[in-house]
Amino acid sequence: MIMENIKTIVNGTQANLSHVCNGKACYIIMTADHSYQLEINMLDAEWKDVYVYPAYKAITLMRWIRMGIESNDGSFIMLK
């Protein structure tokens with residue numbers, strides 16, 4: 001399967017908290033065609049003073065989505 005472009009992933013979608021484990025928060029983003037998982041390392045310095053909410057507009061997390069896509073490190077994956 002081919003991943004959708006980032007504009008399609010964040011346009012009008014919601015990122016819902018799936019689980020938190022070992023300092024990482026995992027969010028699920030569902031588009032019309034696919035589901036994605038975004039893993040954010042909450043131990044990074046920039047997240048030190050941030051409240052973690054159970055849901056965000058996906059566009060709010062676009063920076064981390066883009067970093068996950070570009071780094072191909074498994075922090076942003078297509079589930080189905």
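All of the numbers you see were taken from the coordinates with simple rules; none came from a lab. Given the structure is predicted, the values throughout are model-derived calculations rather than measurements. Please note: Cβ atoms are built from the backbone with ideal geometry, for glycine as well, and neighbour counts cover all protein chains shown.
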What angle do you read, to the nearest 10 degrees and between 0 and 90, between the alpha-carbon axis of helix 62-71 and the longest principal axis of the chain?
80
Cβ-placed point charges (K, R +1; D, E -1), dipole of the chain about Cα centre in debye, nearest 20:
160
Counting pairs of alpha carbon atoms under 8 Å apart in space and at least six apart in sequence, what relative contact order in percent does region 6-78 give?
34
Under a 5 Å amide H to amide H cut-off, with H placed in plane at 1.01 Å, what residues pair with Thr13 once short-range neighbours are removed?
Ala58, Ile59
Please work out how much length the chain gains when fully extended from Tyr51 to Ile28, using 0.36 nm per residue of separation minus the C-alpha to C-alpha distance, in nm with one decimal.
6.5 nm
